[in-house]
Amino acid sequence: WENDEGLGYVMDTGNHDVRTEGMSYAMMIAVQYDRKDVFDKLWGWVMKYMFMTEGLHKGYFAWSVDLSGVPNADGPAPDGEEYFAMALFLASGRWGDGEGVYEYSRHARSILHTCVHRGRMARATRCGIRRTI
């Protein structure tokens with residue numbers, strides 16, 4: 001589906017919401033079909049409505065969002081992040097990097113950095129370790 005801003009999403013019809021899993025899989029398909037237009041609409045929607053910019057899960061994506069973009073959950077789902085990163089690397093290789101939100105490889109690296117390092121820092125904090133690992 002496409003919204004009034006020209007951004008697009010894939011609805012989970014069983015739950016009537018948008019999930020990182022479905023969006024990331026759709027982005028992978030868009031790359032394989034060489035549909036940059038579709039990829040950019042999906043990625044733009046993801047960054048506007050699913051990317052978390054603050055709080056405990058800053059740098060991750062809300063795994064479930066309603067159709068208007070309001071989060072149903074405040075936490076990530078690992079498969080979404082992994083497939084977003086892979087789709088972005090593939091898009092960068094196929095079409096090159098654009099600017100801002102469409103600088104695909106920079107965003108892919110950022111997602112992977114968050115997945116690797118934020119998890120380590122959170123575990124260290126829970127264990128009472130004060131230094132960054």
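The values are calculated or read from the model by the stated rules, or taken from the named source; none is laboratory data. Everything quoted here is computed from the prediction, not taken from an experiment. Ligands, DNA and RNA are excluded from the accessible area calculation, which covers all protein heavy atoms including side chains. Shrake-Rupley method; radii C 1.70, N 1.55, O 1.52, S 1.80 Å.
General observations
- Accessible surface of region 10-49, 1.4 Å probe, proportion on carbon and sulfur as whole %: 52
- Nearest-10 value in Å² for the accessible area of Tyr49, using the 1.4 Å probe: 50
- Rounded to the nearest 10 Å², the accessible area of Thr13 at probe 1.4 Å: 110
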